[in-house]
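Presented below is the structure to which this report refers.
The values are calculated or read from the model by the stated rules, or taken from the named source; none is laboratory data. What you are looking at is a predicted structure, and each value in this text was computed from that prediction instead of being measured. For neighbour counting, all protein chains shown are included, and Cβ atoms are generated from backbone atoms with ideal geometry for every residue, glycine included. Heavy atoms of the whole protein, side chains included, go into the accessibility calculation; ligands, DNA and RNA do not. Shrake-Rupley method; radii C 1.70, N 1.55, O 1.52, S 1.80 Å.
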Amino acid sequence: MTSSHNSIPAILPRGNGHQFLLYGDACSGVPDAPHEKTFAAVNAVVQRLSPQPEFILFPGDEIIGLTPDPEALRAQWRFWLDREMAWLDRAATPIWHTTGNHTTYDAMSEAVFRAVLDLPNNGPAGQAGLSYFVRRGDLLMVFVNTLWSGLGGEGHVELAWLEATLREHGDARHKLVLGHHPVFPVNGFTGTYQREIGHEYSRPFWDILVNENVLAYLCSHILAFDVQAHRGVLQICTAGAGTAHRMPEGVEYLHCVQAALDEEGLRFQVLDTAGAVRERMEWPLPDPDPASWRELPPGGAEAPFSGRLQSGRRIDLRLTGQSAAADVASAQTMMTAFAPGSLAPFWLGLRGPRQTLTAIIGRQPGRSPSYWFGPDLSAGEDFDIRVTIYPDMGPGGLLYRERDSRPWSSFNSASAQGLEQLAWPRHWAIGHGQGGSDDRAFRGAALKVLVARTEGG
């Protein structure tokens, strides 16, 4: 361990709870290969955490793997475990793994995975040491295999055992599910069986997580850090433990995630190889102070703030009214922020024949904007929608919920960046675009927009 003068303070539980580390996709295990150095740089940061994590979660692709030679595969695992991870006392700080496409790509590699890691043998039939669960007091962690050869390989996942295990441990206060492949696209990268689990599994898989009150699904595979919410359950993707050469330059970075769970929820910080906190989050989202809500007048409105939204802060909007009764496909503004002489960097309203709640984000002049898509509104529907802008969440940090009783979901987008770099202009407009009352006017009735500025995690 390193000396205290360059230690990194870990986020600790508020009272009883759990403090742990999450990172994945090192693709190492080969001496003097490029990933040995990048993985070592991330591990150097992990070793600076004070206090050290109680346990470590590694959702796959520890080694480069993908060899037909079982001895070569075992040698990679030995190098990873005995050399690259020699700093970790696994008896004091257990580390639990999921299968991955670099490590369990056929029956031979599955057998090697079982033998070298010796994980709990409490999974579904045929998947001993590949799928399993761990119970630590009030915390249940279920590790699913998203590429078992017995189901068809990459992208296939067994669901009945997952549901039964979660139900058997219904008394657990905290439930986490881990797998290698995302369920929802990350940074716009999509492809059934390859970039996400098979699309026929996505809805029933997520239904199980929602119905069984799972807090988060933790995954890797896509070389990014990404967090998004769907029906109140988080998907957290971390794949920055060493595989740097295919990351989008200037957007993603090598990293590890240090997290704490307690009775109030989840908090985490994402650390780069310099030990700097690049992203952070708290979940569930704290509600704004009721006294902080401010109604914005129809038409032009003075911006309640301008400039970049600093880390730890959110913008909360409440949109109420009635959608257009007739078929309207043209864009309808609910709220926009703009500067005269340039296209609005932020526009929120309805677009298309299904009157889809849409945000259009333009970060740089001369570059095409990015689109975020929320729920569709039926013709003549009374709506009450909360929208939260939480830059610390990255692309998933534009969220909505309907009528307060519904859980939060992230808008869908194909962007690798969120609103963390957006400089908010001084001019806002409600019910029409920046061009005046006839510019993309709202065609429904009784539109009301309230705003609150909120401290986040």
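Tabulated data for the structure shown
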{"item": "Heavy-atom accessible area order for MET141, MET247, largest first, 1.4 Å probe", "result": "MET247, MET141"}
{"item": "Alpha carbon convex hull of the range 1-57, projected area averaged over orientations, nm²", "result": "4.7 nm²"}
{"item": "Diffusion constant of the range 337-433 at 4 °C, which comes from Stokes-Einstein with the Kirkwood Cα-pair radius and 1.567 mPa s, µm²/s", "result": "91 µm²/s"}
{"item": "Radius of gyration and maximum dimension Dmax of the chain, Cα, Å", "result": "23.2, 72"}
{"item": "Cα centroid of the range 198-270 to Cα centroid of the range 127-143, whole Å", "result": "18 Å"}
{"item": "Principal axis box of the range 395-457, alpha-carbon based, largest edge first, Å", "result": "37, 31, 26"}
{"item": "In degrees, nearest ten, helix 107-117 long axis to first principal axis of the chain (Cα)", "result": "80 degrees"}
{"item": "Among GLY198, SER342, GLY100 the positive-end extreme of the charge dipole of the chain (Cβ point charges)", "result": "SER342"}
{"item": "Compactness relative to 2.2 N^0.38 Å, alpha carbon Rg of the range 203-298", "result": "1.33"}
{"item": "Accessible area per residue, Å², the chain with all protein chains present, probe 1.4 Å", "result": "40 Å²"}
{"item": "The range 115-155 - Kirkwood radius from inverse mean 1/r over Cα pairs (Å)", "result": "11.0 Å"}
{"item": "Euclidean distance between Cα centres, the range 343-367 to the range 71-86, Å", "result": "49 Å"}
{"item": "Given charges at beta-carbon only (K, R positive; D, E negative), |dipole| of the range 243-282 in Debye", "result": "220 debye"}
{"item": "All Cα pairs of the range 275-381, percent lying beyond 16 Å", "result": "70 percent"}
{"item": "Accessible surface of the chain, 1.4 Å probe, proportion on carbon and sulfur as whole %", "result": "49 percent"}
{"item": "Cα principal axis extents for the range 158-211, largest first, Å", "result": "36, 20, 16"}
{"item": "Histogram of C-alpha separations across the range 288-349, 10 Å bin width, %", "result": "14, 46, 31, 9, 0"}
{"item": "Cα Rg, Dmax (largest Cα-Cα span) when computed across the range 14-159, Å", "result": "15.4, 49"}
{"item": "Angle between the chain longest axis and helix 70-79 axis [Cα atoms, degrees, rounded to 10]", "result": "80 degrees"}
{"item": "Relative packing of 286-296, 396-406, which averages over residues the other C-beta atoms within 10 Å, highest first", "result": "396-406, 286-296"}
